Structure formats: C-alpha cells, structure tokens
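Enquirer: This is the structure, below, for whatever I ask next.
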Amino acid sequence: MRPSSSFLLILLLAFLTLLSPVCLAQLPPVSSTTSTPIPGAGHDYLNGPAESVNPANGSASIRIPVIMPPSRGITLPFSFAYDSNGANWLLLDNTLTTGTGQWGTISTVASQGGWSNTVPIASAKSQNWTTLPDGAPKPVNCYSLINFQFQDASGNRHNLNLSNYSFVSNPNGACATDTWDWPYYFTGQVATQGGEGPILATIPTNWSSTPTVTVTDGGGTTLVFPGGGNLSRLPTTVTDRSGNTITINTTYGQSTVFSYVDTAWPYRSPGLRLRSEP
C-alpha cells in the first residue's frame, strides 16, 4: 500500500527539522556591528529633521536638531527651524488708527523669512503717539508696549498677554483720557502679570520702555530677559527648579552672536556659540 501524500509531507518536514541548526533565544553580544543608538551616550547619533503639518491651515514646520554638549545641570535643546506661517502673514498696521492690512514677516534677532534658531526669545511691540490736551501749548508724547511674545527653546511661540504704558502713574492725563488718539490695537490695559497655559510671565509694575521680562514654564524653569534698546532679546539666565543655571552671553549688532555657558562646571565651558544673521 502506497503512503498518502500527506504522510510524505509530514515525514519531509520532520526530517528538515532535525537538520536545522540550533537557534539561541537571546540577543547577540553588543558590539559596533550589533549595537543600537542610545540617546545621549557616547557621541550620540544624528537625528533627522522633524516635520509637522497643521491640517487646519496647511502650515508646515521643520526642526533640524543640533547635538548639544551635555551640561552637569540643565541642557537646553537647540534646533534650526523653518515655519511657513512665519514667512508671510497678514497683519494690521497698528501705527495707524485705521488698521490698514498688510503682509508681514517675522524678523527677530534670530529669525527672518520663516527660518530661525530655537534660542529662547522675548519680544514686544512698541507704540508711540501724540495728543493735544485742551488749552495745552504743545502736544504730549505717549508710549506703550503691547504684544509680548515668548519663543521657547523648542521654537514654539506663546502669547504672554502683558502690556503697559507710560501714563500708568497719571490715569487722568491726556494720554489716558484722549482715547480718540490711541493707535489701533491699544486698549489702555495694564497687565504686568500674564502668560499662556502653564507659562507665567511678569514685567515691572513701573513703566519702562525696555522692561525686564521674567518667564517661568510649566516645568519650573525660569528665563530672565533683560531690558535694553532691542525689543527682541535673548535671556541672560535660564534656571531650572533645582537651581541649575545656564548663562547666555549675547552681543547684539548686525549679526547677533550668543553662547551658552554651563555655570555648574568649575571652569568656563564654551558650550554652544552661534552667530545669527537675520
């Protein structure tokens, strides 16, 4: 009686199983040919660009990460970034009372035309106008700061909802009462404490055309942005909740040069040194 085809197939499979090599149920020894990348270990590894698209409006954002020297305390991330919704956007000219529409582009000490560095930045919009009180011999100059913004170390931007003006100590003066001369966008609101979500921000209660801005994020990291002639500024210090501090030294000019210094090291660490040419 001839064996069935099913029996022959089973016999063949059993024979092949006996001839197969023994398989070890373990990972191979770690070497240069078998190791996988470990973030932050050794020389680390090169990350590829990260791209995000907002399905609501079609805007695209690209982040090209830079390997940062690890510090003994806090280490700030850093990337080169492109945001299409920062290249051209429609705004109202707030120097005019009519609010004329025009196209604008984000241009700070570290960004232009949609491209930027993800160094932390705080900025504000200055306004100035004149008003002539009844019976006054000459016009009165008025000043305000609005639209305080914060860019974090990942390149994300946040409204700080802060504002102040020069006549805060004289609420009955012409700058405060002659509302028909106020520029577009200005509401006369004083807000020396603000923020967005878990981000908290403060400016001094006394008027200053170049106030110090203090920002604390949701993780307890505090960034101090100094006052100065430039309304778009980098922080001088970044301190985490444990007291670890990074000092950012910045030289402003036609090209802005800044460096990160880890103050936890017993010597001056060069950290990251970059030149930004907006």
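Enquirer: Inspect the range 140-157 for any residue being touching a helix residue (DSSP H, G or I) at 6+ places or on another chain (Cβ under 9 Å), assigned to a loop (DSSP other than H, G, I, E, B), of a type outside the set (Val, Ile, Thr) and surrounded by fewer than 23 Cβ atoms within 10 Å (Cβ to Cβ) and give the result as yes or no.
Expert: No, there is no match, as no residue in the range 140-157 is touching a helix residue (DSSP H, G or I) at 6+ places or on another chain (Cβ under 9 Å), assigned to a loop (DSSP other than H, G, I, E, B), of a type outside the set (Val, Ile, Thr) and surrounded by fewer than 23 Cβ atoms within 10 Å (Cβ to Cβ).
Matching residues to (1) more than 15 Å from residue 127 (Cα to Cα); (2) aromatic (Phe, Trp, Tyr); (3) at pLDDT below 90:
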residue: 170; (1), (2), (3): yes, no, yes
residue: 193; (1), (2), (3): yes, no, no
residue: 196; (1), (2), (3): yes, no, no
residue: 224; (1), (2), (3): yes, no, no
residue: 230; (1), (2), (3): no, no, yes
residue: 257; (1), (2), (3): yes, no, yes
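Enquirer: Okay, next question. Among the numbered criteria (1) closer than 25 Å to residue 156 by Cα; (2) modelled with pLDDT of 70 or more; (3) not in a strand (DSSP E or B), which single criterion is violated by residue 39?
Expert: Just one mismatch for residue 39, condition (2).
Enquirer: Considering the range 116-132 alone, what residues qualify as being in contact with a Leu (Cβ under 7 Å, 6 or more places away or on another chain) and hydroxyl-bearing (Ser, Thr, Tyr)?
Expert: Within the range 116-132, 123, 126 qualify.
Enquirer: I'm checking my understanding of the structure. Among residues of the range 158-184 that are of a type in the set (Gly, Ala, Ser) and assigned to a loop (DSSP other than H, G, I, E, B), which one is farthest from the chain's Cα centre (by Cα)? Let's see the steps before the verdict.
Expert: To start, the set of residues in the range 158-184 that are of a type in the set (Gly, Ala, Ser) comprises 163, 166, 169, 173-174, 176.
Still in the running and assigned to a loop (DSSP other than H, G, I, E, B): 166, 169, 173.
Numbers: 166: 29, 169: 33, 173: 38 Å.
Looking at residues that are of a type in the set (Gly, Ala, Ser) and assigned to a loop (DSSP other than H, G, I, E, B), I get 173.
Enquirer: May I pose another question? Checking residue 154 against (1) under 23 Å from the mean Cα position of the chain (by Cα); (2) among the polar types (S, T, N, Q); (3) at pLDDT 90 or above, which single condition isn't satisfied?
Expert: (3)
Enquirer: Within the bounds of the range 48-64, is there any residue that is in contact with a Leu (Cβ under 9 Å, 6 or more places away or on another chain), surrounded by 11 or more Cβ atoms within 10 Å (Cβ to Cβ) and modelled with pLDDT of 65 or more?
Expert: Checked the range 48-64: no residue is in contact with a Leu (Cβ under 9 Å, 6 or more places away or on another chain), surrounded by 11 or more Cβ atoms within 10 Å (Cβ to Cβ) and modelled with pLDDT of 65 or more.
Enquirer: Any chance you could count how many residues in the range 133-183 are out of contact with any Leu (no Cβ under 6 Å at 6 or more places or on another chain) and touching a residue at least 12 places away in the same chain (Cβ under 8 Å)?
Expert: Number of matching residues: 34.
Enquirer: Now for a separate question. Take the residues in the range 84-118 that are assigned to a strand (DSSP E or B) and closer than 23 Å to residue 257 by Cβ, then tell me which one is modelled with the lowest pLDDT.
Expert: Restricting to residues being assigned to a strand (DSSP E or B) and closer than 23 Å to residue 257 by Cβ, the top hit is 107.
Enquirer: Just for the range 232-255: of the residues that are at pLDDT below 85 and not hydroxyl-bearing (Ser, Thr, Tyr), which one is nearest to residue 114 (Cα to Cα)?
Expert: 254
Enquirer: Based on this model, can you work out whether residue 133 counts as over 24 Å from residue 185 (Cα atoms), over 14 Å from the mean Cα position of the chain (by Cα) and at pLDDT 70 or above?
Expert: Details: over 24 Å from residue 185 (Cα atoms): no; over 14 Å from the mean Cα position of the chain (by Cα): yes; at pLDDT 70 or above: yes.
Considered against the rule, which asks whether it is over 24 Å from residue 185 (Cα atoms), over 14 Å from the mean Cα position of the chain (by Cα) and at pLDDT 70 or above, residue 133 comes out as no.
The values are calculated or read from the model by the stated rules, or taken from the named source; none is laboratory data. Quick caveat, the model's predicted, so the values are computed rather than measured. Counting neighbours? That spans all protein chains shown, and the Cβs are built from the backbone with ideal geometry, glycine included.
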